[in-house]
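Structure first, commentary second.
The values are calculated or read from the model by the stated rules, or taken from the named source; none is laboratory data. Quick caveat: nothing in here was measured; it's all calculated off a predicted structure. Glycine gets a Cβ as well: all are built from the backbone with ideal geometry, and neighbour counts include every protein chain shown. Side chains included, ligands, DNA and RNA excluded: accessible areas come from the protein's heavy atoms. Shrake-Rupley method; radii C 1.70, N 1.55, O 1.52, S 1.80 Å.
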Amino acid sequence: MIFSVIDKALLIRRLSPQFLKIMKLTAILLTIAFLQVHAKSFPQITLSLKNVPVEKVFYEIERQAGYGFLYTRAMLSDLPSVTIKVKNAPVKEVLNQCFRGQPMEYSIESNMIVVKRKTIAKPSPIASPDPVPPVEIRGRVLNASGEPIQNVSVSIVGSQTGTATNTDGRFALTAPDNKNIVLEFSSVGYQTKRVTVGNQPEVNVVLEQDVSGLDDVVVVGYESVKRSDLTGSVGTLKMGDVSKAPVSSFVEAMAGRIAGVQVSSAEGTPGELPDIIIRGPGSATQGNGPLYVIDGFPTEDADQTRLNIDDIESVSVLKDASATAIYGSRAANGVIVIETKRGKISKPVVSYNAFLGYQPVPKMIPMMDAYEYVKLESEFSSQYDQLYMDSTMTLEDYKNVKSIDWQELVFRPAITQSHSIAVRGGSAKTKYSLSGSIYKKNGMIIHSDYNRVQGRLALDQEVTKNITVGITADYNRFNTSGQQVSEGAMAYENLGLRNFFFMQVWGFPPVARLSDTLTDGQRVDLTEQERDPSNETSSVSPLTTARNNKQSSATALFTTNMYMNYEITKNLTLRLRGAFSSNSRENDMFRPARAASLTNVNGTTATYNTSNNKSWSTDNTLTWKKKINAHHVDVMAGFSVAANSSSSFGYAARNIPVEALGIY
């Protein structure tokens, strides 16, 4: 033992001092390396970040802990900013805070952190319930006296389903189910009412008369009175409802809105004014149109009713014979009184209204195809067998021949657009209204349309405390063009022309004859021909007529009126008014020989005519009004003077040798 100790001592003594230093340095380096490996396995992160992108957190983890990240920028594009504050926290705690509430998840693989979107399990499909069968709802509408009401509008609230009551006041409609069905009943002169159907087998409703409008002011003749003071029958048009209707004039919007007023259209061409009949026609041979009174001035010119709907303040219809006491025999067919908008005391108010409408062809008449047409022709006469059939072409073969439906070629969906802008306002002394509008409508027949441009100015000025003057000026220009569809319209009987357009559309053959065969064996395409090549006596094809028949009309209308009010005393007022209007119209028609109608034997024909109508009028009234207790006394005296003049010029030509020159 002692030897051993002595030997060890001797060994230690033999080691040099340098060797001992190397051993100490090696031990220190091994200790540092061990500490680094330990730190790498358990990194601690310290962060203080506020409202930063998620990528900023990734960068700090990578910088402090040495981890790498695997992700795409698209994963993080929609993630909100994050706020993190940690001190000496492990990586997992930092990542959990970063992804809290986020649709993200992560996994750590060695020194790499893989970021990915969370996978959301799709819910298992739920079997759809059996469809609920539709429910039929029936009922009756009566008034307070127990009498049935006809033409009451019945609709399901929140849907497009509706109907109207018959002469016995009964109705029936079908609803998709019987849950929470609410019916709305509305009719002119009655209060609108809503009724919940529930489990009622039959819905019976009593409508009350609408008396809330008794205090409304109605313009009648030369003055405005309360509805409750009227003794005659007067209907009014609610302009709030009319302005929402996509129509070109207020006349179209009157349809179905005023009791006793019938509005109908003869042919529906673009720009055509509907016919108005108040309480039935009054004559079998003369016109039944009403008298129009626009801003106090009467006129029988229907063109002057082509007002911009946004410029109309009110419309009143005088329906009984009492209107003749004011306007004489001209009011025998009723009177429509129109008041336009004027400026009011306010800052300048700019309004813009526009709409775009699409009107498809509602329905086409089912036509015979090639097989049905040839079969019918062969049944009429055996000679058609030679025209349409031979050894290579039998009747059955026509089932595979392409047919032509001329309706699809000459009809089209119609586009309507309207733009209206106005500036109105004024002060206590000056009030103004300036407006303009553009209206365009395509016809359902190709190459037919209607365009209108209108401008209007109204100005009121208080000259003195007792004198007020005003002026209104309106310019209206509209153009119509295209094929006329009614018998006799633009026909010019002196030229022997008549309009058989729809006869051509519905009567022209849907397939060519066998003789109409080209050298390559293909049959002639009738859509590219003016008429059936093998039948020169046939009428011109409707497509040729619609393309080449030129008919147009241009109208320029200018109206202006002025007034002066002089308040002589508190109860006595003098009103002087004057008006002037000018209506110029040009009509032209050019019909090439290849577009002539069946009865036209005059070759290429043309007509042109112009007309100018001018009128002026003046109305002067002196009115005394006095209120005595509960009584109102109105006394008016006045006189009116009116005059008009007209001129026209036109010419016509037939058998024009060079149709390329046109009408001019």
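Structure summary
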| quantity | calculated |
| --- | --- |
| In nm, spacing of pseudo-spin labels at E184 and Q64 (7 Å Cα→C-beta vector) | 6.4 |
| Where labels lie 7 Å past Cα in the beta-carbon direction, separation of K465 and S646 in nm | 5.0 |
| Mean accessible surface per residue for the stretch 396-477, computed with a 1.4 Å probe while every protein chain stays in place, in Å² | 49 |
| Length added when fully stretched, K363-K626, from 0.36 nm per residue minus Cα-Cα | 88.6 nm |
| Burial ranking of peptide ranges 445-453, 417-425 (average Cβ count within 10 Å, highest at the top) | 445-453, 417-425 |
